[in-house]
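Okay, so here's the structure we're looking at.
The values are calculated or read from the model by the stated rules, or taken from the named source; none is laboratory data. No experiment lies behind these values; they were computed from the predicted model shown. Here the Cβ positions follow ideal geometry from the backbone for every residue, glycine too, while neighbour counts run over all protein chains shown. Heavy atoms of the whole protein, side chains included, go into the accessibility calculation; ligands, DNA and RNA do not. Shrake-Rupley method; radii C 1.70, N 1.55, O 1.52, S 1.80 Å.
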Amino acid sequence: MLEELKQKVYEANMQLPKYGLVTFTWGNVSGIDRESGLLVIKPSGVEYDRLRPEDMVVVDLEGNKVEGKYNPSSDTPTHVVLYNRFSEVGGVVHTHSAWATSWAQAGRAIPCYGTTHADYIYGEVPCVRNLTAEEIEEAYEKNTGVLIADEFERRNKDYNAVPAVLCKNHGVFTWGKDAHEAVHNAVVAEEVAKMAARCEMINPNVKPAPQELQDKHYYRKHGANAYYGQPEGI
């Protein structure tokens with residue numbers, strides 16, 4: 001079942017240690033097949049060097065395991081909520097990558113200090129609040145997803161333009177059109193987190209990049225008249 005998607009999600013998961021985004025098993029990638037309404041995700045707690053494509057677990061959009069010898073990632077309910085609430089998302093990543101998680105533990109959004117950030121993320125990477133004791137006790141992982149989706153709705157943030165979020169005292173989630181793009185955005189989030197932290201070390205009084213510069217760099221890659229890169233097929 002969904003063998004091609006399993007292969008792609010497996011490959012995306014293997015990118016996490018390659019890019020230094022995970023220690024031990026601290027991360028996971030999923031991808032969804034919108035036609036069937038099924039998603040594929042990394043199994044819980046399995047070391048990356050032991051993973052095989054056939055180990056990926058198939059889950060439905062209610063979080064029920066459909067196929068797989070392993071239990072799905074413990075973060076599966078968060079992924080499920082994001083797929084249900086963010087209808088254009090095709091892949092989701094969760095990591096505890098060191099720099100992004102440092103901002104999350106500090107409870108701070110990552111400001112846009114430069115064009116590297118602006119090329120991929122429109123404005124700051126938000127940091128959502130802690131879950132309440134009741135939310136944690138009721139359904140921790142599910143409510144993490146609900147909190148993220150509710151906060152994007154409350155702040156009127158475009159999840160396509162801001163494909164990353166920090167969960168306070170926890171870690172980072174990113175997403176994209178597929179699992180590969182979600183990993184790409186996880187790498188970007190980690191790099192801009194690192195650069196922002198160093199930027200504040202060098203100049204504690206630094207201000208975000210001018211809005212007109214942020215707009216130029218984001219929209220030249222993502223706007224209606226984007227001109228960065230080459231036409232498709234070249």
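Details
- The residue list 161, 180, 147 was ranked by how far each Cα lies along the charge dipole of segment 43-198 toward its positive end, using unit charges on Cβ atoms, and 161 comes out on top.
- If R0 is 22 Å, the Cβ-Cβ spacing of residue 24 and residue 169 corresponds to a FRET efficiency of close to 0.70.
- For segment 158-234, averaging the sequence separation of C-alpha pairs within contact (under 8 Å, six or more residues apart) and dividing by the residue count gives a relative contact order of 13 percent.
- Annotation: average projected area of segment 1-158 is 9.9 square nanometres, based on the convex hull of Cα atoms across all directions.
- Cβ-based charge dipole, the chain, positive-most Cα from 22, 97, 201: 201
- Using a probe of 1.4 angstrom and keeping all protein chains present, the accessible surface of the chain works out to 51 square angstrom per residue.
- Apportionment of accessible area to carbon and sulfur, the chain, percent (1.4 Å): 48
- Among 208, 72, 111: highest mean-square fluctuation, GNM of the chain, C-alpha pairs under 10 Å: 208
- Spread over its residues, the convex hull of the C-alpha atoms of segment 73-208 is 100 Å³ per residue.
- Across the chain, C-alpha contacts under 8 Å between residues 6 or more apart give a mean separation that, scaled by the residue count, equals a relative contact order of 21 percent.
- Ordering of 127-140, 96-109 by packing is 96-109, 127-140, highest average first (other Cβ atoms within 10 Å, averaged per residue).
- Neighbourhood net charge (15 Å Cβ-Cβ; Lys/Arg +1, Asp/Glu -1) for residue 58: -2
- Adding -39500 (n - 2.57) for every DSSP H run of four residues or longer, then dividing by how many residues the chain holds, sets the calculated 222 nm ellipticity at -13500 deg cm²/dmol.
- On full extension, the segment bounded by residue 154 and residue 139 gains 3.3 nm, given 0.36 nm per residue less the C-alpha separation.
- The residues neighbouring residue 8, those whose beta-carbon lies less than 13 Å from its own, together hold a net charge of -3 under the Lys/Arg +1, Asp/Glu -1 convention.
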